[in-house]
Amino acid sequence: MLPEVQRFGKWLRRKNPHATTPTHYLSDLRIFFGWLGKSPDAISLHDVDAYIEHTQQLGHAVATVNRRLAAIRSFYDFLDLESDEAPPNPVLPKRHFIRQGRRLPRDAEDADVVQLFGVISSPRDRAMFLLMVRCGLRVGEVRNLSLGDLYLQPTPGSLPRLWLRGKNGSERVVYLSAQALDALQSWLAVRPAVDEPALFPNRFGRRFSVTGIQDRLANYCHQAGVWITCHMLRHTFARHLVEAGVPVTSLQRLLGHVRIRTTQIYLHISDRQVQADYEAAMEEVSQRLAALQGLPDGGGR
């Protein structure tokens, strides 16, 4: 790895030691500089053009390409902070970042979720994935949970809850449904005594990696004959709350969104008013067409 990239990674970790951004950005930079085979001071905006074209030919998602561009741009911003003689930033937002339309979050069908959990017998894994679909945890938040984050015996009138460290180190409280609490207690009853404080240690007694959790879910999906990602479980949690009429401000806090606009996207997944309006309109159209069927030719003109 280039020494400048190593310094950049250390700088990112000092700024936000709990974020996953350093891991992703360093991976993105290794791919970028490995493909170009040039030093940072030799990169031009035309090299970035060529790299974007290369990623598109490989079929990479727009979000992936834009994240890599953000990593490169952040790296050169860091070099500018380090030295007055830093090379110019080759990533120009108006030229390079790719526009993408708003995409709705993809949730999972309830029947598929039931089928998935039908093949998960491990108490640890049931608890991990129920925290996603019943409490809305991100996969990284499940991975980072430690025993000290549990608050399972609250005062009367309060719900059992978890203390989470979410994106960018921000903390939030997540409440436990009866099903999630049940699964957690079942897991804690058989959790091996290991030195690792992680709530969900892997078979080596160490904290899971995000990829490790995703691989576990993929294996269960293969057994169940469905395809569901960790983030789809979180999206399903959000849909269930929208369908239950939970106010968007409460949903925002439960999901850990900084901006309410992010949360409002979920309202488009299951909008009861829009559904009711559509159903009423289709009923009226059906009745009108049924009436027209009894008219002679030209009667509807």
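The values are calculated or read from the model by the stated rules, or taken from the named source; none is laboratory data. The model shown is predicted, which means the values in this text are computed figures rather than measured ones. Here the Cβ is made from the backbone with ideal geometry for all residues, glycine too, and neighbour counts use every protein chain on show.
Structure above, values below:
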{"read-out": "Residue among VAL114, VAL119 that is outside any helix (DSSP H, G or I) and at pLDDT 95 or above", "value": "VAL119"}
{"read-out": "Subset of the stretch 123-155 that is at negative phi and assigned to a loop (DSSP other than H, G, I, E, B) - its residue that is surrounded by the fewest Cβ atoms within 10 Å (Cβ to Cβ)", "value": "THR155"}
{"read-out": "Set LEU188, LEU159, LEU184: member being assigned to a loop (DSSP other than H, G, I, E, B), aliphatic (A, V, I, L, M) and either surrounded by fewer than 17 Cβ atoms within 10 Å (Cβ to Cβ) or at pLDDT 90 or above (or both)", "value": "LEU159"}
{"read-out": "Restricting the stretch 1-57 to residues that are among the acidic types (Asp, Glu) and farther than 13 Å from PRO90 by Cα, the residue that is surrounded by the fewest Cβ atoms within 10 Å (Cβ to Cβ)", "value": "GLU53"}
{"read-out": "Conditions (1) at pLDDT 95 or above; (2) loosely packed, with under 12 Cβ neighbours inside 10 Å: number failed by SER83", "value": "(1)"}
{"read-out": "Wholly within the stretch 218-268, helices (runs of 4 or more DSSP H) carrying at least 1 residues that are among the aromatic types (Phe, Trp, Tyr)", "value": "230-243"}
{"read-out": "The stretch 269-301, residues that are polar (S, T, N, Q) and either assigned to a loop (DSSP other than H, G, I, E, B) or modelled with pLDDT under 80 (or both)", "value": "SER270, GLN273, GLN275, GLN293"}
{"read-out": "Answer from VAL91, VAL114, VAL173 - the residue that is in contact (Cβ under 8 Å) with a residue 12 or more places away in the chain and under 24 Å from the mean Cα position of the chain (by Cα)", "value": "VAL173"}
